[in-house]
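Okay, so here's the structure we're looking at.
Computed from the coordinates by the stated procedures, all read-outs in this text should not be read as laboratory data. In this text, all values refer to a predicted model and were calculated from it rather than measured experimentally. Here the Cβ positions follow ideal geometry from the backbone for every residue, glycine too, while neighbour counts run over all protein chains shown.
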Amino acid sequence: MTDIYDDKLVKIKFQGCRRELFRNPMEFPIKSDDMVIVAAERGEDIGKAVLFNKEKRSGEEDQEQLTVLRKATPEEIKKDNENSLRQKTALQFCRQRVEELNLPMKLIDVEYRLDRKKIIFYFTADDRIDFRELVRILAAEYKTRIEMRQISSREETRRSSGIGTCGKPICCHQFIDDFEPISTQLVKEQNLPMNPSKISGLCGKLKCCLRYEHDLYEEFLNKYPAYGTKIKFSDRTGTIEKIDIFQKTITIKFDNDEIEEFPLKEFDDNYKVLN
């Protein structure tokens with residue numbers, strides 16, 4: 001059975017896994033995977049309706065969204081497929097011009113808007129790029145508005161897709177809409193080794209999945225002294241070395257350099273934080 005949206009907000013997925021919420025004021029009976037036409041800046045665009053968790057939309061109803069105009073017709077879907085072929089040619093053409101102009105940028109993707117009133121060229125670069133001459137060449141070639149949009153390495157990876165170390169398609173390509181900050185503190189709290197090859201994703205940045213269980217770790221660890229805290233346990237003193245929330249154990253490094261592991265239940269009844 002296909003899910004039907006009974007809400008006035010619909011999440012639409014565009015090329016490159018760009019996902020945005022749109023208002024559905026006419027309450028069209030939109031099903032997941034339906035192709036729909038939406039309002040875009042000075043025109044129209046096409047995308048696919050996708051499922052999303054309505055319970056996690058806190059505050060989204062108050063944000064300004066564009067509007068779903070209608071369900072796509074077979075002719076509009078055909079035009080979108082034609083645009084996909086045009087994008088491949090435009091990508092090759094632009095890459096050649098970038099090389100000729102010797103611009104220090106990497107062209108990643110090209111996106112035609114459905115009405116062909118704008119073409120977006122996605123690229124990465126280490127610094128700001130003066131691409132005015134490139135834009136003039138592209139505008140003369142395609143006779144439409146040209147936008148050069150610089151993206152991050154995470155956005156590049158999302159648009160390119162790939163398989164993560166878990167063996168599944170990367171999360172940003174599957175369902176992550178916005179990239180949240182990921183810090184090494186999340187790695188420390190989960191007792192993971194600071195090994196770049198283990199904690200970095202395909203984009204070279206810290207893995208987004210490090211945030212998934214963060215709330216659980218934070219809630220649990222707040223009940224105990226922080227790592228490195230000086231404590232007295234039974235009749236000995238030492239520092240907190242590690243807390244394993246799944247095995248429910250705590251590791252203490254005593255002042256004589258001995259390291260021992262204890263059940264948290266035993267620790268709860270026999271420790272005192274020292275100033």
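The calculated FRET efficiency for the pair Asn191 and Arg116, based on their C-beta separation and a Förster distance of 51 Å, comes to about 0.45. Go ahead and collect, in residue order, the members of segment 228-246 whose backbone nitrogen is under 15 Å from a label point 7 Å along the Cα-Cβ direction of Asn256. What the label zone holds, given the 15 Å backbone N cut-off, is 233-239.
Each part reduced to its alpha carbon centroid, segment 32-52 and segment 117-174 end up 20 Å apart.
For the chain, the Kirkwood hydrodynamic radius comes to 22.9 Å, computed from all pairs of different C-alpha atoms.
Using every pair of alpha-carbon atoms in segment 223-273, split the distances into 5 Å bins beginning at 0 and state the percent of pairs per bin, rounded to integers. It works out to 5, 23, 39, 25, 7, 1, in whole percents. Here the simple spin-label model places points 7 Å from the Cα toward Cβ, and for Ile77 and Ala226 these points are separated by 5.6 nm. Helical content of the chain, expressed as a calculated mean residue ellipticity at 222 nm, amounts to -7500 deg cm²/dmol (DSSP H runs of 4 or more residues, -39,500 (n - 2.57) each, divided by residue number, nearest 500).
Take the Cβ atoms of Ser234 and Gln150, set R0 to 41 Å, and the FRET efficiency comes out at 0.10.
Peptides 15-25, 218-228 ranked from most to least packed by the mean count of surrounding Cβ atoms within 10 Å: 15-25, 218-228.
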